[in-house]
1. Looking at the chain as a GNM with Cα springs under 10 Å, which of SER292, SER28, SER44 has the largest mean-square fluctuation?
2. Taking every DSSP beta bridge that has both residues in the stretch 144-252, what percent is antiparallel when rounded to the nearest 5?
3. Along the positive direction of the dipole of the stretch 252-389 (beta-carbon charges: Lys, Arg +1; Asp, Glu -1; about the Cα centre), which of SER253, PHE294, ALA378 reaches farthest?
4. Using a probe radius of 1.4 Å on heavy atoms only, what accessible surface per residue do you get for the stretch 290-389? Whole Å² is fine.
5. Roughly speaking, to the nearest percent, how much of the stretch 47-287's 1.4 Å accessible area is carbon and sulfur?
6. Please work out the average accessible area per residue across the stretch 47-287, using the 1.4 Å probe convention, and give it in Å².
7. Taking every DSSP beta bridge that has both residues in the chain, what percent is antiparallel when rounded to the nearest 5?
8. Enumerate the whole-percent occupancy of each 10 Å bin, from 0 to the last occupied one, for all C-alpha pair distances of the chain.
Amino acid sequence: MTLRTPVKTRSKLPDVGTTIFTVIGQLSAQHNAINLSQGAPNFSCDPQLISGVTRAMQADHNQYAPMTGLRPLKARIAEKIIDLYGTQYDVDSEILITASASEGLYSAISGLVHPGDEVIYFEPSFDSYAPIVRLQGATPIAIKLTVPDFAVNWDEVRAAITPRTRMIIINTPHNPSGQVFSADDLQQLAALTRNTDIVILSDEVYEHVVFDNQPHHGMATHPQLAERSVIISSFGKTYHVTGWRVGYCVAPSELMDEIMKVHQFLMFSADTPMQYAFAEHMTDPQTWLSLSAFYQRKRDLLQTLLAESPFRLLPSAGSFFLLADYSHFSDESDSEMVKRLITDYGVATIPLSAFYTDGTDNKLIRLSFAKDEATLRAGAQALCHVKPR
Ligand SMILES: Cc1ncc(COP(=O)(O)O)c(C=O)c1O
């Protein structure tokens, strides 16, 4: 037997290991827990989308798509954005179809952030932002959203901006808090970035899931912010197909040029048959205009069902999520609470501390309502039985 000589590596992300998401996933599987944890829907997409993909495959659309995406799909996206938000993007040079929103985030950060730069983002946050920034040799600067309203303290942002600040990452509607930007937030952000070279990377994957008849205050609604923004969206989130891994990115051409260079060598192009199916599906604006009401019914159902539970729910203005507070009936850490909910009550949620790099524990758990009615009912019933500790 030949002895292996291990290759020495120097990790670029030495502190990144098994996340709490994996731990919870494994524990939930062992206990066959009702899944209110993940942001992935457990219901089917529109069958028309599946037949669209099937037809595209049968019509032999199985080779590389154009590098920046299928033109008819990009044209539909441009039309949608001008109709909804009022900003015109050039179909050829300012819209990119990506292999998921995650790829869009990676290509944008990698294309625009240099070693030594600083990138401001807000915690709790989606987990990929800070590691992608670090992979560029840049420094992520976390600013905590205020609790319990999960708003941005703009004075803190102003104080955190330095000559090295290259980018500010925004996420509205926000995962995990369910909070959204207001028109005033946009004004504040515009005032802070005016006459700077700061790029805004705006993760708007839940752009079509905004509740209570409120508009989505995305960067494309504000001409001055649109000029310096890269906006990321996800077909997976909009059309209940998170496994298809298709998203898109829009930005002014001088920013997009650099993003496309990374995308070209990372993916070259996104899945071809899916792009044909989305292009066909997007001829009907109802496919996105109906989404807020669809998810609002789910949010309302979960809120109603949990009215008898010991948890206090925080308001959710958008996204697939709401937060539940248990600080009045238990001193357990949020991870302990989540483990107890799985082992003793058979329901899986996510501790909010998983969204902070320093593990901040506000005694809040995140519930996903991107689930069918039976799952929401079963999950809520289990949560209603939770005993104080
Ligand atoms: C805020 C946010 N951004 C990006 C993503 C990734 O989206 P995609 O599945 O298209 O990569 C998610 C998925 O949960 C998310 O919640």
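1. The residue that fluctuates most here is SER44.
2. Beta bridges within the stretch 144-252, antiparallel portion: roughly 30 percent.
3. ALA378
4. Details: 3800 Å² over 100 residues.
Each residue of the stretch 290-389 exposes 38 Å² on average to a 1.4 Å probe.
5. Carbon with sulfur: 51 percent of the solvent-accessible area.
6. Result: 40 Å² per residue.
7. Of the beta bridges lying entirely in the chain, close to 45 percent run antiparallel.
8. With a bin width of 10 Å, the distribution comes to 5, 22, 31, 26, 13, 2, 0.
The values are calculated or read from the model by the stated rules, or taken from the named source; none is laboratory data. This one's a predicted model, so the numbers in the text were calculated from it and none came from an experiment. Ideal geometry is used to build each Cβ from the backbone, glycine not excepted, and the neighbour counts take in all protein chains shown. Ligands, DNA and RNA are stripped out before the accessible areas are found, and what is left, the full protein with its side chains, is counted by its heavy atoms. Shrake-Rupley method; radii C 1.70, N 1.55, O 1.52, S 1.80 Å.
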